[in-house]
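The values are calculated or read from the model by the stated rules, or taken from the named source; none is laboratory data. A quick note: this is a predicted structure, and the numbers were derived from the prediction, not measured. Quick reminder, even Gly has a Cβ in these numbers, built from the backbone with ideal geometry, and neighbours come from all protein chains shown.
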Ligand SMILES: Nc1ncnc2c1ncn2[C@@H]1O[C@H](COP(=O)(O)OP(=O)(O)OP(=O)(O)O)[C@@H](O)[C@H]1O
Ligand SMILES: Nc1ncnc2c1ncn2[C@@H]1O[C@H](COP(=O)(O)OP(=O)(O)OP(=O)(O)O)[C@@H](O)[C@H]1O
Ligand SMILES: [Mg+2]
Ligand SMILES: [Mg+2]
């Protein structure tokens, strides 16, 4: 069976085609295309402009994805789109495209929960059977474990999402958004070596990142090169604290928090596998820290690379097709979007 | 299908068993749990007949060493301070028998019994169902005692910080208080002679020709207990453990987050127990003066946590 997946919940539009050959064979990615709405350094993306971007790209990307996959329209079994969570206007613009295709080609629709898309894609790629899932992206920070037909949220952020924290931190320091703010922070952090104290806020399996952001604003002001030398922030040894040091310290602090809440969930549910999904999950330092933690628990960490970590159409196609095969479709009149759609609201009928 | 990047290759396990610092290097140790932060052992302390728990926080290799030292030390000290305060103010927690913050260990009084999590799982395995539990069932009493225990700890100005059903124990055995004491904590209960102060413990251990301690049943009773058995498991004092993330605070906000953490742990660990959990909250609200306003605050925290906007 073959599904087309359309994703556009944030600033990226992703279109992909996936094939599930048979029950015991792994899925095959036929095509996986993405375009990101570009924004200059220091700026975020607004829903309205992002929606315009998605509308401008959606037809082009669908045509290209179908061509690249080498399939005929007749071969496609269903059209899967992101129902939520995400930003309203971009979600709607992509859902509209999905509805149009559904009517045009006479194919059933499947509305997919974005978070479940990330999880199922990660599981498929890594073959992690029943892992604790850390879902970390621009909009979400959740520690999830599967139980009784649902992905249950054990821990989450008490305020802003981790990716949002990183992106805003990057904006404060005027670090470019291209290709991803988090990626650029990661590269800069490699040159940092001094650890600057930042608020470390973990409550059980939950974490809070807004304190970090407030601290980062203050710190950024203190390393401004226009400040007189004696006013600038220095280490205990009198070295000037650099932008790279701040990136390094940010990563060391927030990723330690993530690993800690993940480890707590693993201890709590008695699992040794951990799967990291979502855009921030492509961070190598986070993956390395996770690996060290898992090693001490005699377990293993599973992660995917940027192609499948960052929002994409394939994950929507994959999760949608899993659901489609259990007989679930979304009627045209129900094919709405929702900005708020919790991971644990989805009935996971395709797992034992 | 695309290849999985199995991360910067996970290094092979090196030290599955940590070398413990003195004076435990040669102690008889049974690993009870590898929690998130601590290795928890059962061992003996001071006398060969005094069972105790050794909580050792080894360095976390994933954490920057400076951050790691800072966190480990601060948490160990905070944990010990809070435990001592709880004991002093009449909240049932294990006694602190020894501590070395620099080397990351603490010795605690042994609590006979099982975790609420184990007890509830056992109850389900024994045929209990969370939906539609009849009024007389002992599990309601357990919920009420949990609510009161959390209320008590909040009342004395402590927030636990990691409330899960693994971190609540039900004390069983001869010393456990049988039957359920209804209503808010009374003076007499608060002044109930504290069990096993270190000196009492020492004394007990020295004077009794009691059998050696080493073959104890595992903490979470794995064989599904019979119905009768599981009912009696529901009785007994609630003992709060694991104060590694505790803070001393009387803010409604912190207290509400504490309840929120527990609520979510409940929902995630014991699917279907939502109605039962309401009983925890109800009895919490009645257990001390500030309880109700914390419950109101909990509504805010829920909204924030659960329905956060995507744009942060
Ligand atoms: N190498 C990296 N290290 C850290 N963060 C990264 C890296 N690459 C991307 N990111 C971050 O990932 C986020 C984007 O991830 P993703 O596409 O999964 O999420 P989103 O669309 O913003 O949110 P959601 O998945 O909640 O809809 C951004 O915050 C970006 O900075
Ligand atoms: N005083 C005690 N008496 C008996 N058993 C105990 C006692 N303290 C802990 N245990 C057992 O050991 C387990 C782990 O202990 P604890 O929760 O204190 O550590 P942890 O979860 O590793 O801590 P953290 O969450 O800070 O990493 C408990 O769930 C309980 O089964
Ligand atoms: Mg995403
Ligand atoms: Mg614990």
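Key figures
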{"quantity": "Count of residues meeting criterion [within 16 Å of ligand 4 (Cβ to nearest atom) and on the phi > 0 side of the Ramachandran plot] in the range A:259-292", "calculated": "1"}
{"quantity": "Residue selected from the range B:37-47 under the condition assigned to a loop (DSSP other than H, G, I, E, B) and within 14 Å of chain A (Cβ to nearest Cβ), by the criterion modelled with the highest pLDDT", "calculated": "B:38"}
{"quantity": "Strands (runs of 3 or more DSSP E) wholly inside the range A:56-166 containing at least 2 residues that are more than 10 Å from chain B (Cβ to nearest Cβ)", "calculated": "A:78-84, A:109-113, A:132-136, A:141-147"}
{"quantity": "Residues of the range B:238-256 that turn out to be touching a strand residue (DSSP E or B) at 6+ places or on another chain (Cβ under 6 Å) and at the interface with chain A (Cβ under 10 Å from one of its Cβ atoms), as a count", "calculated": "2"}
{"quantity": "Out of A:110, A:132, sole residue that is at negative phi, outside the structural domain of residue A:206 (by TED's automatic domain parsing) and either under 19 Å from the mean Cα position of the chain (by Cα) or crowded, with 24+ Cβ neighbours inside 10 Å (or both)", "calculated": "A:110"}
{"quantity": "Test: residue in the range B:54-61 that is more than 16 Å from ligand 4 (Cβ to nearest atom), within 14 Å of another protein chain (Cβ to nearest Cβ), surrounded by fewer than 17 Cβ atoms within 10 Å (Cβ to Cβ) and within 29 Å of residue A:271 (Cβ to Cβ)", "calculated": "yes"}
{"quantity": "One residue from A:40, A:27 being away from ligand 2 (no atom under 16 Å from the Cβ), over 30 Å from residue A:265 (Cα atoms), outside the structural domain of residue A:278 (by TED's automatic domain parsing) and touching a residue at least 12 places away in the same chain (Cβ under 8 Å)", "calculated": "A:40"}
{"quantity": "Scan of the range A:148-167 for residues that are free of Cβ contacts under 8 Å to residues at least 60 places away in the same chain and out of contact with any strand residue (DSSP E or B) (no Cβ under 6 Å at 6 or more places or on another chain), ordered by number", "calculated": "A:148, A:159, A:160, A:164"}
{"quantity": "Scope the range B:114-128; condition surrounded by fewer than 24 Cβ atoms within 10 Å (Cβ to Cβ), part of a helix (DSSP H, G or I) and under 13 Å from the mean Cα position of the chain (by Cα); matching residues", "calculated": "B:117, B:118"}
{"quantity": "When residues of the range B:1-36 are limited to those that are modelled with pLDDT of 70 or more and facing chain A (nearest Cβ under 8 Å), the one surrounded by the most Cβ atoms within 10 Å (Cβ to Cβ)", "calculated": "B:36"}
{"quantity": "Scan of the range A:301-317 for residues that are part of a helix (DSSP H, G or I) and within 25 Å of residue A:271 (Cβ to Cβ), ordered by number", "calculated": "A:308, A:309, A:315"}
{"quantity": "Checking residue A:286 against (1) more than 16 Å from ligand 3 (Cβ to nearest atom); (2) closer than 22 Å to residue B:65 by Cα; (3) touching a residue at least 60 places away in the same chain (Cβ under 8 Å), the condition it does not meet", "calculated": "(1)"}
{"quantity": "Failed item in (1) modelled with pLDDT of 95 or more; (2) under 23 Å from residue A:30 (Cα atoms); (3) outside any helix (DSSP H, G or I), with residue A:337 passing the rest", "calculated": "(2)"}
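Conditions tested, residue by residue: (1) within 14 Å of chain A (Cβ to nearest Cβ); (2) within 16 Å of ligand 3 (Cβ to nearest atom); (3) modelled with pLDDT under 95; (4) within 17 Å of residue B:276 (Cβ to Cβ).
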{"site": "B:117", "(1), (2), (3), (4)": "yes, no, yes, yes"}
{"site": "B:121", "(1), (2), (3), (4)": "yes, no, yes, yes"}
{"site": "B:168", "(1), (2), (3), (4)": "yes, no, no, yes"}
{"site": "B:175", "(1), (2), (3), (4)": "no, no, yes, no"}
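Let's see how each residue does on (1) more than 10 Å from every other protein chain (Cβ to nearest Cβ); (2) touching a strand residue (DSSP E or B) at 6+ places or on another chain (Cβ under 9 Å); (3) modelled with pLDDT under 90:
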| position | (1), (2), (3) |
| --- | --- |
| A:214 | yes, no, no |
| A:222 | yes, no, no |
| A:233 | yes, yes, no |
| A:242 | yes, no, no |
| A:249 | no, no, no |
| A:252 | no, no, no |
| A:270 | no, no, yes |
